[in-house]
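A short write-up of the structure that comes next.
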Amino acid sequence: MRMMPPEFMVKISDSCIKCKRCINECSFGALRFENDRVVADHDKCAACHRCTAFCPAHAITVEKFPAIFKDNYLWSQDVLKSLWKQSESGAKILTGAGNDKPYPVFWDKMLLDACQVTNPSIDPLREPMELRTYLGKKPDKLEFWQDKKGDIKLTTVMEPQIKLETPIIFAGMSYGAVSLNVQLILAGAARELGTIMNTGEGGLPQELSEYKDHIVVQCASGRFGINLSYLNSCAAIEIKIGQGAKPGIGGHLPGEKVTEEISRTRRIPSGTDAISPAPHHDIYSIEDLRQLIYALKEATRYKKPVGVKIAAVHNVAAIASGVVRAGADMITIDGFRGGTGAAPQVIRDHVGIPIELALARVDEQLRREGIRHMASIIASGGIRQSADVLKAIALGADAVAIGTAALVSMGCHLCQKCHTGLCAWGIATQKPELIKRLNVEEGIKRLVNMIKAWNLEIKEILGALGVNSIESLRGSRERLRGVDMDEVYLDVLGIKPAGR
Amino acid sequence: MKIDAKGLNYRELNERIHDAVSNGVEEIDLVNVLGQRYIGTGLDREVTLNIYGTPGSDLGAFMDGPIINVFGSGQDDIGNTMNGGSIIIHGDAGNVAGLSMRTGKIFIKGSVGYRAGIHMKAYQDQCPVMVVGGRAGDFLGEYMAGGKLILLGIFKKEKDPVAGRYIATGMHGGVIYVRGGVNKNQVGKDVAVEEVDNEEKAEIKSEVEEFCRHFGITRIDDIMASPFVKLLPKSSRPYGKLYAY
Amino acid sequence: MFKRAETKDISGCAVVGIMNEKGKTIRGDVITSAIAVMHERSNGLGGGFAAYGIYPEFKDYYAFHIMFEDEGVKDSVETFLQDSMVVVKSEAIPIRKKMSLANTPILWRYFLEVPKSKIPAGFSEEDFIVSVVMRINTRFNGAFIFSSGKNMGIFKGLGYPEDVSRFFRLEEYEAYLWTAHGRFPTNTPGWWGGAHPFGLLDWAVVHNGEISSYGINKRYLEMFGYECTLMTDTEVIVYMLDLLLRKHNLPQDIALTALAPPFWKEIDEMDKNKKEAMTALRMVYGSALLNGPFSIIISSTSSMIGMTDRIMLRPLVVARKQDTVYMSSEESAIREVCQDPDEVWSPQGGEPVYARLEERA
Ligand code: SF4
Ligand code: SF4
């Protein structure tokens, strides 16, 4: 029995010239040609706007389906639809992209400072303005040796570091969840920008090997595609414990997405489910995490920094402290708004905490324990724009990782259908005819442009703040003020209210 | 070559092993080993390590090629994510042996702890093999995605069952052979228990022969005389029906 | 009325320093006339001086200059001092009775000896003194230590520097090293402790400018147990020096470079050793970088160091006449007390200039 009205409605106006372009473009099969005109199956429309972008006559529009239910704040249409879907299928609801629920966005409740008179702002266009950032474990102090001539030599042995020319890196997105072209764009852009991308847990496609100095390879619970050459083909290794969009649960790439190519990089037979267990079965506690961190260091002869990625959960500060003490060189905290290729909706929408609060607490905790230098903090999960980057850095992040924002630059329209594998923009799909829609050269150019624009904006703000290198903002919460927040949140964020 | 591990921490010991191997040494006796982790981890040459003592966890993790003989028992995570080579344990092994191994062989004369062989994977001609002479703890072969696990149940107390509970839950590839058989209620619901035909028995035998060779056991025919059952996944997609789109 | 700042101290300033490298002494009125030339750079809400070599007969004892809000807190601090050290001498700091400056506190000095038995295990004598200073400054409401070094002292208060100098009768003191500060605060409460110089052990810092990286500099120091309670840049600079030089034992050059390091672009072009050292320095001590405009004069028993920020947003002029080195915000202040110096120059941004006391035979 059909219960749900469609979510969207596709309208085709009289100016249609019947070129059928839209029909070809729609990967969800919502459009067909019948009786000499384009006919839409509204139920199938995902509002991905591929058709509207490509219609030469601007004849096609997507609107919300005007189904008015009796107003009910509690029993919203979303809730009803989910219940009906579950009644039909008996299954848990799967979804893609990130949490879209109206939880508060703390980035939008923090404002940055600027200089006026008492200290000067700096002109970023003409004076040096430094964004260079090194990720990795730092000693708490340095030792030098001075020879008779007065020349100075560093005697402290430094741990391996990743050098970044911008504090923005690309978040882990696996081959399988996204197409090869997406990874090629991320890798190409990372190389051009002097930053890094992250393979996610799907192994390292051979095509990426030339970018190895700009790649972080992941070691997740599924251990897909992990062998010694994988572990040595990278700038760093990341142990993935969790992900903001689905803390505490594993992953699961359904067999139909395990194509021949995916099977090659994950090194499992094609067509079988690729299951990432919820925990790593060699990590049941913090000392086991230490064991795996050092196993990876041993396997790479201590030449690669080893990071750990965790989801932002309630007790994140204490967990992060444990992770750092376990020997992680970097810790990535992924907030509850982080994206995903596929996650159960109940988890995506209801588990975890905002990255802003998690980041603030983690930085503070590590400082309080005097171990902040032992690991770099990378914040991710809902970073949308340069202002968010600056605020994250002022709260204490060494760098931020962006996933969704990078995909948006490539064409993602946030239709949240990633889990279907039908992404019309060639991003979250393994279908060759869809993947080729995403042009690698153009994608690199767009992503490089976007980050360059962010870099310019970041420099602009640093100049206004009167500092000429990013480390002078890093952790400087004095330069942030909160609006529209109660005292408890100000306290958690460690910032003052605006006006004080 | 011989390295005395007494008093060395794992980093020093492994540094020496790696140095020796890169200098072309092909066989190393490690004596007085006591708890040092990561022995053989990350080694990618066909060298032989003979360990006298009790090596620490993650023995041979991520390794690709070496032969490791342990004259004693091993601890946890033996052969973690290993990619090639052999590990031969003359005593017992701890928990999570052979986690995610994708090639190579592990022979354990005695028993293994919980979660042995979980998430083993095979790909094309790469097929990991683990043979256990004693018994296995719970969750044997959980999430198993490929490879062969052979459980012989020879070296164990009469009254102990050959394997624990929840055998092969979530199994979606590979095969587990159990000498003597298992109770249906010990096995995960996604798993089929079937008889072993003669052709397959010959395959098992060749692995058992290798096992016996390593440990100087001569009664191969005795061992093979008992019946075997095999555990197989019912589907390569155990969780296909859990999600609504 | 003796209220400490609750918000970040913001002020413009004048700084001047004079040092005789042979240790010959100079009277206090010399530095006073130099700083007075820059009257326009201060606004009467703070002036102060650091003087080295002024207590030769007590040179082996720590000289504490302390201000007290009332007799009550003075009593409790004195009890605490007697418990933790030996008070060799205790007296009022001489002042010009006829003069009155706003909010004058009780001003007292102590000469203290530290018996070995009082020093906790794992502490050096200096660690111990620092902990005593921290404790008095943060736990005794109404007491504040101006200076805590040997054979030196800080004199400061509310007023133009030349008034403060007259008030403390500085023309009666002889020192081989003087620094002075005139302050232009924009938000100060009338609190004497807030004037500069700021000192710890024998370090004293006078500073002009506002450090835009204050927030992170402070949080960095807090990781090492420093409590920055004054909301002033000077406090942060002194603690930073204490951390880098005394606790981390960095060579002096390196420590100062950490405060104003070269740009990455310059580092990339350095030779291998230097590049390695500088890269590590910036990685490890990024939070110690004083970013934003400053010129500072750092003084200690053995040296006077002048330095500006990396891009010279605040001025500093240096001059030398035979054994005497002058540093100042403005050249005019130097010319006032030394008409024809042998050389006068303005150092590079971020590059420290030293005057060093010659080892005395
Ligand atoms: S793309 Fe536009 S013009 Fe072409 S058939 Fe579709 S609606 Fe008509
Ligand atoms: S990646 Fe594709 S499917 Fe996923 S939200 Fe973006 S446009 Fe939609």
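The values are calculated or read from the model by the stated rules, or taken from the named source; none is laboratory data. Predicted model only: the values in this text are computed from it and were never measured. Every residue, glycine as well, gets a Cβ built from its backbone with ideal geometry; the counts of neighbours run over all protein chains shown. Ligands, DNA and RNA are excluded from the accessible area calculation, which covers all protein heavy atoms including side chains. Shrake-Rupley method; radii C 1.70, N 1.55, O 1.52, S 1.80 Å.
Note on the range C:299-335: residues that are part of a helix (DSSP H, G or I), surrounded by 22 or more Cβ atoms within 10 Å (Cβ to Cβ) and modelled with pLDDT under 90 total 1. Scoring B:Leu151 on the criteria (1) buried (at least 21 other Cβ atoms within 10 Å of the Cβ); (2) modelled with pLDDT under 95; (3) hydrophobic (A, V, I, L, M, F, W, C) leaves a single failure, condition (2).
Within the range B:29-49, the residues that satisfy the criterion of being touching a Gly at 6+ places or on another chain (Cβ under 6 Å) and not in a strand (DSSP E or B) are B:Gly35, B:Gln36, B:Arg37, B:Gly40, B:Asp44, B:Arg45, B:Glu46. Taking residues in the range C:69-90 that are over 15 Å from C:Glu113 (Cα atoms), and partners anywhere that are among the small types (Gly, Ala, Ser) and modelled with pLDDT under 95, the pairs with Cβ atoms closer than 6 Å and at least 6 places apart or on different chains are C:Glu69/C:Gly142; C:Val73/C:Gly142; C:Val73/C:Ala143; C:Val77/C:Ala143. Scan the range A:74-96 and tell me whether some residue there is small (Gly, Ala, Ser), within 16 Å of ligand 2 (Cβ to nearest atom), within 30 Å of A:Ile402 (Cα to Cα) and more than 14 Å from chain B (Cβ to nearest Cβ). Checked the range A:74-96: no residue is small (Gly, Ala, Ser), within 16 Å of ligand 2 (Cβ to nearest atom), within 30 Å of A:Ile402 (Cα to Cα) and more than 14 Å from chain B (Cβ to nearest Cβ). Taking the range A:311-422 as the region of interest, the helices (runs of 4 or more DSSP H) fully inside it that hold 3 or more residues being among the aliphatic types (A, V, I, L, M), more than 16 Å from ligand 1 (Cβ to nearest atom) and closer than 20 Å to A:Ser174 by Cβ are A:404-410.
Scanning for something away from ligand 1 (no atom under 16 Å from the Cβ) and within 14 Å of chain B (Cβ to nearest Cβ), does the range A:18-39 turn up at least one residue? Checked against the condition, which is being away from ligand 1 (no atom under 16 Å from the Cβ) and within 14 Å of chain B (Cβ to nearest Cβ), the range A:18-39 yields no hits at all.
For (1) outside any loop (DSSP other than H, G, I, E, B); (2) open to solvent by less than 10 Å² (accessible area, probe 1.4 Å), each residue gets a yes or a no:
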residue	(1), (2)
C:Ala204	yes, yes
C:Asn208	yes, yes
C:Ile211	no, yes
C:Leu221	yes, yes
C:Tyr226	no, yes
C:Met231	no, no
C:Val238	yes, yes
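Scanning the range A:454-500 for residues that are over 27 Å from the mean Cα position of the chain (by Cα), part of a loop (DSSP other than H, G, I, E, B) and surrounded by 19 or more Cβ atoms within 10 Å (Cβ to Cβ) yields A:Gly466, A:Val467, A:Asn468. The set of residues in the range A:270-280 being assigned to a loop (DSSP other than H, G, I, E, B) and under 25 Å from the mean Cα position of the chain (by Cα) consists of A:Asp273, A:Pro277, A:Ala278, A:Pro279, A:His280.
Residues of the range C:336-361 that are outside any loop (DSSP other than H, G, I, E, B) and touching a residue at least 40 places away in the same chain (Cβ under 8 Å): C:Glu336, C:Val337, C:Val353, C:Tyr354, C:Ala355, C:Arg356. Just wondering, is there one or more residues in the range A:251-262 that are closer than 26 Å to A:Gln183 by Cβ, away from chain B (no Cβ under 11 Å), assigned to a helix (DSSP H, G or I) and open to solvent by less than 20 Å² (accessible area, probe 1.4 Å)? Yes - at least one qualifying residue is present in the range A:251-262. Is it true that C:Tyr176 is under 13 Å from C:Gly17 (Cα atoms) and surrounded by fewer than 24 Cβ atoms within 10 Å (Cβ to Cβ)? Yes; evaluated as a whole, the condition is true for this residue. Per the listing B:Ile78, B:Ile106, B:Ile17, the residue uniquely crowded, with 21+ Cβ neighbours inside 10 Å, touching a residue at least 24 places away in the same chain (Cβ under 8 Å) and either within 9 Å of chain A (Cβ to nearest Cβ) or assigned to a strand (DSSP E or B) (or both) is B:Ile106.
For the range A:292-322, filtered to residues that are of a type in the set (Val, Ile, Thr), open to solvent by less than 30 Å² (accessible area, probe 1.4 Å) and free of Cβ contacts under 8 Å to residues at least 60 places away in the same chain, the residue that is farthest from the other protein chains (Cβ to nearest Cβ) is A:Val316.
List pairs: first residue in the range A:6-28 and under 18 Å from A:Cys415 (Cα atoms) and touching a residue at least 24 places away in the same chain (Cβ under 8 Å), second residue part of a loop (DSSP other than H, G, I, E, B) and among the aromatic types (Phe, Trp, Tyr) anywhere in the structure, Cβ distance under 8 angstrom, at least six positions apart or on different chains. Final answer for the pair search is A:Pro6/A:Phe65; A:Glu7/A:Phe65; A:Phe8/A:Phe65; A:Met9/A:Phe65.
Conditions tested, residue by residue: (1) within 16 Å of ligand 1 (Cβ to nearest atom); (2) of a type in the set (A, V, I, L, M); (3) assigned by TED's automatic domain parsing to the domain that holds A:Arg325.
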| residue | (1), (2), (3) |
| --- | --- |
| A:Ser87 | no, no, no |
| A:Val105 | no, yes, no |
| A:Ile122 | no, yes, no |
| A:Glu130 | no, no, no |
| A:Lys138 | no, no, no |
| A:Met158 | no, yes, yes |
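Quick grid of which residues meet (1) hydrophobic (A, V, I, L, M, F, W, C); (2) more than 17 Å from A:Arg301 (Cβ to Cβ); (3) touching a residue at least 40 places away in the same chain (Cβ under 8 Å):
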{"position": "B:Ala5", "(1), (2), (3)": "yes, yes, yes"}
{"position": "B:Arg11", "(1), (2), (3)": "no, no, no"}
{"position": "B:Val21", "(1), (2), (3)": "yes, no, no"}
{"position": "B:Leu34", "(1), (2), (3)": "yes, yes, no"}
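Scanning the range C:263-293 for residues that are surrounded by 15 or more Cβ atoms within 10 Å (Cβ to Cβ), at the interface with chain A (Cβ under 7 Å from one of its Cβ atoms) and in a helix (DSSP H, G or I) turns up C:Trp264, C:Glu276, C:Ala277, C:Ala280, C:Leu281, C:Met283, C:Val284, C:Gly286, C:Ser287. Scanning the range A:44-77 for residues that are open to solvent by 80 Å² or more (accessible area, probe 1.4 Å) and more than 11 Å from ligand 1 (Cβ to nearest atom) yields A:Lys44, A:Lys64, A:Pro66, A:Ile68, A:Lys70, A:Asp71, A:Tyr73, A:Leu74, A:Trp75.
If you go through the range C:92-114 and keep only what is more than 19 Å from C:Glu162 (Cα to Cα) and part of a loop (DSSP other than H, G, I, E, B), you end up with just C:Val114. Selection of the range A:176-216 for residues being in contact with a strand residue (DSSP E or B) (Cβ under 7 Å, 6 or more places away or on another chain) and assigned to a loop (DSSP other than H, G, I, E, B) yields A:Gly176, A:Ser179, A:Gly194, A:Thr195, A:Ile196, A:Thr199, A:Gly200, A:Glu201, A:Gly202, A:Gly203, A:Leu204, A:Pro205. For the range C:131-151, the set of residues classified as open to solvent by 10 Å² or more (accessible area, probe 1.4 Å) and either modelled with pLDDT of 95 or more or of a type in the set (A, V, I, L, M) (or both) consists of C:Met134, C:Lys150, C:Asn151, listed by residue number. Restricting the range A:1-17 to residues that are β-branched (Val, Ile, Thr) and near ligand 1 (Cβ under 8 Å from one of its atoms), the residue that is nearest to the other protein chains (Cβ to nearest Cβ) is A:Ile12. Residues of the range B:54-74 that are over 17 Å from B:Leu8 (Cβ atoms), within 13 Å of chain A (Cβ to nearest Cβ) and surrounded by fewer than 24 Cβ atoms within 10 Å (Cβ to Cβ): B:Asp64, B:Gly65.
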